[in-house]
Amino acid sequence: MSEADAAGVLRVERGADRVVAVLDRPEKRNAIDQATIDAIHALCAELEAEPRTLILTGAGRVFASGADIAQLRERRAADALAGINANAFVRVNELPMPVIAAIDGWALGGGAELAYAADIRIATPDAKFGNPETGLGIIPAAGATWRLKEIVGEARASELLLTGRIIDAAEALSIGLVTGVHPAADLLAGAHAIADRIARNDPAATIATKRVLRAPRSEHPQVDLEEQSVLFESPEKHRRMTEFLERRAK
């Protein structure tokens with residue numbers, strides 16, 4: 001069942017092991033305004049309390065065309081320091097279970113930064129990615145300057161962010177920004193197929209893997225060993241390994 005948030009900007013379909021959230025401001029090309037940020041925070045609170053895989057997508061053949069420029073124009077220094085979009089996207093990125101962004105059409109500016117906050121990104125052939133913020137007199141301050149170089153490398157990220165160049169899905173795939181390209185009609189099915197693979201695994205192990213992936217290099221290998229020590233005591237680990245051995249013995 002789909003439900004809209006109170007402001008009507010985010011449609012949410014909830015399942016036992018996943019949630020699909022659709023950015024739904026088609027008349028504004030899903031530009032990310034304050035109401036959208038508030039809805040993202042509310043959804044994150046739900047998924048922090050009851051971890052499930054999140055699939056993020058956009059209505060109307062657009063992921064998100066950027067931050068709402070009319071609102072952004074009026075923001076001042078104190079708003080920048082408050083990190084309105086940045087903090088919401090950090091929260092998305094730090095959700096316990098994986099986040100999959102299914103991207104069709106424009107993913108620009110703040111929309112691209114929301115996509116960068118996902119763990120896995122897939123796209124349609126019509127997807128377009130870019131951060132044209134410097135052309136508007138600002139920087140991409142909601143995660144692009146550090147997330148994008150972690151995804152595609154510093155040299156590539158520097159070229160894209162300093163020029164504001166927009167890339168298509170084929171280039172995004174070639175540089176590792178997305179991991180798959182699907183026809184528009186199959187985009188959500190592709191996202192659900194990834195979620196299905198995740199759902200077959202042990203949620204505790206999935207959460208631990210994501211947590212370790214996010215840890216700074218200086219914390220390895222200790223963080224890996226600590227997470228593994230917890231899982232080694234898990235009844236689910238024993239059950240799954242026993243089933244594996246029994247299948248192999250047949």
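Remarks
- Hey, ALA21 outside any loop (DSSP other than H, G, I, E, B), open to solvent by less than 50 Å² (accessible area, probe 1.4 Å) and either out of contact with any helix residue (DSSP H, G or I) (no Cβ under 9 Å at 6 or more places or on another chain) or within 18 Å of ASN131 (Cα to Cα) (or both) or not: no
- Some residue of the range 62-74 being open to solvent by 30 Å² or more (accessible area, probe 1.4 Å), in a loop (DSSP other than H, G, I, E, B), in contact with a Gly (Cβ under 9 Å, 6 or more places away or on another chain) and at positive phi: no
- The residue that is farthest from the chain's Cα centre (by Cα), counting only those in the range 117-139 that are surrounded by 24 or more Cβ atoms within 10 Å (Cβ to Cβ) and in a strand (DSSP E or B), is PHE129.
- Residue selected from the range 147-161 under the condition within 15 Å of the chain's Cα centre (by Cα) and under 30 Å from GLU74 (Cα atoms), by the criterion surrounded by the fewest Cβ atoms within 10 Å (Cβ to Cβ): ARG147
- Between THR57, THR53, the distinction of being in contact with a Pro (Cβ under 9 Å, 6 or more places away or on another chain) and open to solvent by less than 70 Å² (accessible area, probe 1.4 Å) belongs to THR53 only.
- Qualifying residue in the range 167-184 (condition: open to solvent by less than 60 Å² (accessible area, probe 1.4 Å) and within 13 Å of the chain's Cα centre (by Cα)): yes
- Residue in the range 194-204 that is surrounded by 12 or more Cβ atoms within 10 Å (Cβ to Cβ), over 26 Å from PHE63 (Cα atoms) and among the hydrophobic types (A, V, I, L, M, F, W, C) present: yes
- Residue identified as open to solvent by less than 30 Å² (accessible area, probe 1.4 Å) and either part of a helix (DSSP H, G or I) or hydroxyl-bearing (Ser, Thr, Tyr) (or both) among LEU114, LEU95: LEU114
- Those residues of the range 216-233 which are over 23 Å from PRO203 (Cβ atoms) and of a type in the set (Ser, Thr, Tyr), in sequence order: SER218
- Cβ pairs under 9 Å, 6+ apart, first in the range 220-241 and assigned to a helix (DSSP H, G or I), second at pLDDT 95 or above and open to solvent by 100 Å² or more (accessible area, probe 1.4 Å): VAL223/ARG211; GLU227/ARG211
- For the range 188-200, the criterion of a residue being more than 30 Å from PHE244 (Cβ to Cβ) and either among the aliphatic types (A, V, I, L, M) or at pLDDT 95 or above (or both) is satisfied by at least one position.
The values are calculated or read from the model by the stated rules, or taken from the named source; none is laboratory data. Model, not experiment: these values are computed from the prediction. Glycine gets a Cβ as well: all are built from the backbone with ideal geometry, and neighbour counts include every protein chain shown. Ligands, DNA and RNA are excluded from the accessible area calculation, which covers all protein heavy atoms including side chains. Shrake-Rupley method; radii C 1.70, N 1.55, O 1.52, S 1.80 Å.
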